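This report concerns only the one structure given below.
Values quoted throughout were computed directly from the atomic coordinates according to the rules given, and no laboratory measurement underlies them. All figures in this text were calculated on a predicted structure; none of them were measured in a lab. Virtual Cβ from ideal backbone geometry, glycine too; neighbours counted across all protein chains shown.
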Amino acid sequence: MTQEVITVCNSSIAIGDKKIVKNINFTIGAGEFVGIIGPNGAGKSTLLRSLRGFLPLAEGEIQLQGHSITVMSDKELACKVAYMQQEVNVGFGYTGLEVVLAGRYPYLKWWQHEQAEDIEIAYKYMGFTGVDSLAEKPVQSMSGGEKQRVLLAKVLAQETPILFLDEPTASLDVIYQEEIFRYCQLIAKQGKTVLIVAHDLKLAAKFCSRLILLADGGIVADGAPEGVITEGNLQEAYGLHAAVFKNKVTGNLDIHTYVPAIDKQSKETRVHVICGGGSGAKIIRLLYEHSYSLTVGVLDPSDTDAHIAEAFQVPCVLSQPFSIIDKLAAQENRTQIAQADWVVLSNLACGEQNIDNLHAAFEAKKLIIIEDTPIEERDFVKGQGIEIYYKLLKIPQVTVMTSMEFIEKFYL
């Protein structure tokens, strides 16, 4: 059983007469890397400062390793929690080593100077964060990424079981942002408890073992990243329209945000997309963002367009992998086409496995054919695809356009 390190019980935090955080409860165990996320003004930094004892509670109790923070001295707290604040102004002339050594203050008497052991500890953590070569360099001469890694080494040199980091990646380049998260993940794997206030949802989902989503002064969701970062939770907390999915390339949680088009008619319109090989990706995304009721098919489960449909939670007719479309999939495809108000046939390549998709297109009430390259360049069934394609062009309910024309139809 994981040891409880932080316990928050019925806690509320107020600034002046205004309650910023109201009646929240959670426990955090040893070795957890917890991201605190939420919109601006949700109380993320306020919560972190209160957990450290910098802000008093209006109600409730906070315990660190079983001890109420209200009965602990500042030095006792400093031996349990290292806190990296959002904005740190370092005095002019201080070197990297001097800044890191400041993390040793809880263990020194007011009259003591750092000992050889403290310097050894400082160099240990400067090596861990890759800034040992900056020991004699003035902090004012460092880049933003270098400075943040020096400050991270400082809180590590404090050698506490708990670390709080308040937006440590703010204003950093992407490479440094990921680097800070990676360090924190390693620290947590070594048994320390790490809490980080984060704005970047993708980084938080990628590296944190757990997320706490705050909004309107309360906890909207608390748990594993995939259970917290959902379309519903993002809508509730941020007012954000998004598709949340597992990226097939990286294996990480990914988020596609968008501003939905205001078109009442689109919600009542069913569209079926016939595609393959990535030819339907933009079409599916565009129609999804415009709130059409979508279906897709028939696709091999490994097809790029099948992955796109899965990401946007669009029902997709799938065939057996690497096989010609079977009768069951063919019939389901035609059922979806019959129920659709209109069908889009993308600029797909035609082979033996998917040739039935062209036959099925004849069932459409209204057919839009996307033609970016001539069918002669996309036919791999010895002219069979060409023959069917030209027959489709002759049916009265067909409209032919390029991908760009299709996009402009929605955006202009």
Using the number of other C-beta atoms within 10 angstrom as an exposure proxy, rank Thr399, Thr250 with the fewest first.
Thr250, Thr399
Can you give the Kirkwood hydrodynamic radius for region 312-357, in Å, rounded to one decimal and based on Cα pairs?
11.7
How many times 2.2 N^0.38 Å is the alpha carbon radius of gyration of region 185-318?
1.22
Over region 174-231, one equal point on each Cα, no solvent: what is log10 I(q)/I(0) by the Debye formula at q = 0.17, 0.27, 0.28, 0.30 Å⁻¹?
-0.57, -1.18, -1.23, -1.31
Please tell me the relative contact order of the chain in percent, rounded to the nearest whole number, where contacts are Cα pairs under 8 Å and at least six residues apart.
12
Evaluate Rg over Rh across region 14-154, taking Cα atoms for both radii and Kirkwood's formula for Rh.
1.01
If you build the Cα gyration tensor of region 129-204 and take the root of 5 times each eigenvalue, what three semi-axes come out, in whole angstrom, biggest first?
20, 16, 10
Dipole of the chain (Lys/Arg Cβ +1, Asp/Glu Cβ -1, origin at the Cα centre): which of Gly227, Ser12, Ala82 lies farthest to the positive side?
Ser12
Square roots of 5 times each gyration tensor eigenvalue, C-alpha, region 307-412, largest first, Å
20, 19, 15
In nm², what is the average projected area of the convex hull enclosing the Cα atoms of the chain?
26.7
Could you give the angle, 0 to 90 degrees to the nearest 10, between helix 144-157's Cα long axis and the longest principal axis of the Cα atoms of the chain?
50
Of the cross-linked pairs Lys124/Lys154; Lys75/Lys147; Lys154/Lys192, which ones have a Cα-Cα span greater than 20 Å in the structure shown?
Lys75/Lys147
Determine, for Ile368, Ile274, Ile283, the number of other Cβ atoms within 10 Å of each Cβ, and report the residues in order from fewest to most.
Ile368, Ile283, Ile274
If each residue's Cβ is checked for other Cβ atoms within 10 Å, how do His272, His256, His290 rank with the fewest at the top?
His256, His290, His272
Using alpha-carbon positions, what is the distance between the centroids of region 381-412 and region 311-347, in Å?
18
